[in-house]
Amino acid sequence: MRETVPRVVIVGGGFGGLAAARALKNTPANLILVDRTNHHLFQPLLYQVATSVLSPGQIGSPIRGIVGKQRNTTVILGEVTGVDKDRQCVSVNSADRTDVPIPYDFLILATGVTHSYFGRDEFEKFAPGLKSLADAVAIRNKILQAFEQAEAEEDPTRHRDLLTFVLVGAGPTGVEMAGAIAVLIRNTLKAEFRRITPGSARIVLLDMAPRVLGPFSEELSLAAKERLESLGVEVRLGHGVDQIDADGVVVAGERILSKTVIWTAGVAPSPAGKWLNVGTDRPGRVRIQPDLSVPGHPEIFVVGDTASLDQDGKPLPGVAQVAMQQGRYAGKLIGRRVTGKSAPGPFRYFDKGNMAVVGKGFAVLQIGKVHLSGFIAWLAWAAVHLQFLAQASLRVSVFVQWVWTYLTGQRGSRLIVNHYGAEQSKPVIEAAPVGMTPSSK
Ligand SMILES: Cc1cc2nc3c(=O)[nH]c(=O)nc-3n(C[C@H](O)[C@H](O)[C@H](O)COP(=O)(O)OP(=O)(O)OC[C@H]3O[C@@H](n4cnc5c(N)ncnc54)[C@H](O)[C@@H]3O)c2cc1C
């Protein structure tokens with residue numbers, strides 16, 4: 001039976017898709033929100049799961065729980081595999097069915113990005129990236145397992161490569177991870193082992209760029225580098241990685257032996273551009289118009305990391321704020337069209353600034369002309385990140401955990417979770433600690 005109100009299909013329950021769904025809350029339309037996972041993920045804190053500060057349940061919320069009270073919204077767990085622009089439907093694979101068509105009147109694609117190994121996909125096997133909760137738990141397993149293996153190892157000459165951690169990519173994720181691993185091993189683990197000295201572990205942060213934290217000012221990037229070095233992190237810049245294999249990495253002709261290499265470098269957009277068969281930029285992000293629609297298709301919008309839009313001659317960055325503001329704009333625009341109101345002016349991104357944490361109680365912050373580093377910046381970072389967690393229960397749980405970890409050095413989740421006999425790369429995602437589980441409505 002034909003629906004009496006328009007149908008809006010949103011693909012992706014990340015920052016962009018969720019903002020769009022919320023903006024359409026009171027619009028007379030049927031919303032179908034499709035995601036291949038059942039949860040919205042707060043990616044900026046993934047590194048804290050990978051380094052045992054938080055547990056997975058503290059940064060992921062069930063999408064159904066978040067929009068459950070929104071009467072016009074239906075959530076579908078499924079993977080979109082294509083878009084038929086002429087028939088106006090998306091194809092969805094779910095648990096037991098493939099290519100189920102879901103028709104739309106309006107479509108918002110907010111499918112984000114995945115890892116990119118810059119054409120060296122063979123690196124992936126040895127250097128996992130950090131994008132999902134499963135990735136974060138796999139990396140946590142790898143880091144903690146390295147200490148366990150070294151403690152059990154009778155031959156002390158093998159300790160060195162087990163206790164060397166290499167991060168490839170010194171953008172915000174690499175810097176935050178390196179700082180967090182340093183704090184984990186120098187504070188939390190330091191007194192718990194008998195045969196090895198966790199504090200002697202080596203952390204190496206590599207990047208081909210001349211400085212860490214490229215998007216920040218030179219002065220802040222220097223402050224971050226100095227802070228990392230004071231935590232014992234070796235920062236090696238100006239050379240790309242030539243090789244990554246089971247024995248470690250080769251950089252500038254030198255082999256660094258390591259059993260734990262983590263990829264914190266590139267990302268590639270989702271295949272949205274291929275589904276739509278429209279113009280993309282060089283990395284493959286869909287080129288969109290100032291109203292975020294796809295050229296020639298005023299009913300299709302692409303937002304967030306998988307979209308490409310210039311503002312003042314520069315491409316907008318792939319950050320959560322851009323995705324949220326674009327999602328909100330696309331939702332509002334559709335709402336106005338559905339209710340017969342005039343279209344809003346073109347989208348304009350309001351930059352609220354950049355922040356990155358470097359170890360305990362230290363962050364760098366850049367908001368317009370305000371450039372700060374140190375404890376005050378860290379407090380601002382903590383306040384902003386708490387505010388943007390999807391549910392109140394998570395805000396309380398993460399705040400309590402941070403205070404506890406800050407005061408005691410104890411972590412939220414230091415479990416190595418594998419199925420017996422299964423590969424380490426297939427982790428089981430455990431629940432949040434008792435009393436901290438987010439409510440799923
Ligand atoms: C480790 C890490 C740290 C970060 N730190 C920061 C930070 O400190 N500050 C900041 O501003 N930004 C940060 N970012 C970037 C920020 O997370 C992204 O810019 C933001 O998530 C983009 O939002 P999005 O809606 O475009 O995509 P996402 O939030 O990635 O959401 C995409 C959604 O689409 C779903 N999806 C994808 N493909 C399909 C499909 N085929 N079918 C169905 N569903 C699909 C996914 O499951 C996901 O839920 C970080 C990212 C990472 C990975």
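For VAL67, the criteria (1) near the ligand (Cβ under 8 Å from one of its atoms); (2) crowded, with 20+ Cβ neighbours inside 10 Å hold in every case but one, which is (1). Among the residues examined, ASP99 does not qualify as within 12 Å of the ligand (Cβ to nearest atom), more than 22 Å from GLY331 (Cα to Cα), open to solvent by 20 Å² or more (accessible area, probe 1.4 Å) and not aliphatic (A, V, I, L, M).
Checked against the criterion of being among the hydroxyl-bearing types (Ser, Thr, Tyr), more than 20 Å from the chain's Cα centre (by Cα) and within 14 Å of the ligand (Cβ to nearest atom), the candidates THR111, THR81, THR51 yield just one match: THR81. Of the listed requirements (1) under 24 Å from the mean Cα position of the chain (by Cα); (2) closer than 29 Å to GLU151 by Cα, ALA191 misses just one: (1). Checked against (1) more than 10 Å from the ligand (Cβ to nearest atom); (2) of a type in the set (Val, Ile, Thr); (3) at pLDDT 95 or above; (4) open to solvent by less than 50 Å² (accessible area, probe 1.4 Å), THR74 meets all criteria but (4). The residue that is nearest to VAL303 (Cα to Cα), counting only those in region 351-366 that are open to solvent by 30 Å² or more (accessible area, probe 1.4 Å) and within 13 Å of the ligand (Cβ to nearest atom), is ASP351.
Within the span defined as region 156-168, every residue fails to be in contact with a Pro (Cβ under 8 Å, 6 or more places away or on another chain) and either assigned to a helix (DSSP H, G or I) or of a type in the set (Ser, Thr, Tyr) (or both). Pull up region 1-44, narrow it to residues that are open to solvent by less than 20 Å² (accessible area, probe 1.4 Å) and of a type in the set (Gly, Ala, Ser), then point me to the one that is farthest from the ligand (Cβ to nearest atom). It comes out as ALA29. Kindly indicate the residue of region 211-220 that is in a loop (DSSP other than H, G, I, E, B) and open to solvent by 60 Å² or more (accessible area, probe 1.4 Å) and also nearest to GLY318 (Cα to Cα) among those meeting that condition. Across region 211-220, the extreme among qualifying residues is PRO215. For region 122-137, does any single residue satisfy the condition of being away from the ligand (no atom under 16 Å from the Cβ), charged (D, E, K, R) and open to solvent by 20 Å² or more (accessible area, probe 1.4 Å)? Yes, region 122-137 contains a residue that is away from the ligand (no atom under 16 Å from the Cβ), charged (D, E, K, R) and open to solvent by 20 Å² or more (accessible area, probe 1.4 Å). Among the residues of region 256-270, those that are open to solvent by 40 Å² or more (accessible area, probe 1.4 Å) and either of a type in the set (A, V, I, L, M) or free of Cβ contacts under 8 Å to residues at least 12 places away in the same chain (or both) comprise LEU257, ALA265, VAL267. Within region 86-96, the residues that satisfy the criterion of being buried (at least 17 other Cβ atoms within 10 Å of the Cβ) and away from the ligand (no atom under 12 Å from the Cβ) are GLN88, CYS89.
Please pick out the residue among ASP291, ASP305 that is at pLDDT 95 or above, buried (at least 17 other Cβ atoms within 10 Å of the Cβ) and in contact with a Pro (Cβ under 7 Å, 6 or more places away or on another chain).
ASP305
When the helices (runs of 4 or more DSSP H) confined to region 1-111 are screened for residues that are in the same structural domain as PRO298 (by TED's automatic domain parsing) and touching a residue at least 40 places away in the same chain (Cβ under 8 Å), those reaching at least 3 such residues are found at 15-23.
The residue that is nearest to VAL267 (Cα to Cα), among those in region 164-187 that are open to solvent by less than 10 Å² (accessible area, probe 1.4 Å) and away from the ligand (no atom under 16 Å from the Cβ), is VAL166.
The values are calculated or read from the model by the stated rules, or taken from the named source; none is laboratory data. Because the structure is predicted, anything quoted here is derived from the model rather than measured. Note that we place each Cβ from the backbone using ideal geometry, even for glycine, and neighbour counts take in every protein chain shown. SASA here: full protein model, heavy atoms, side chains in, ligands and nucleic acids out. Shrake-Rupley method; radii C 1.70, N 1.55, O 1.52, S 1.80 Å.
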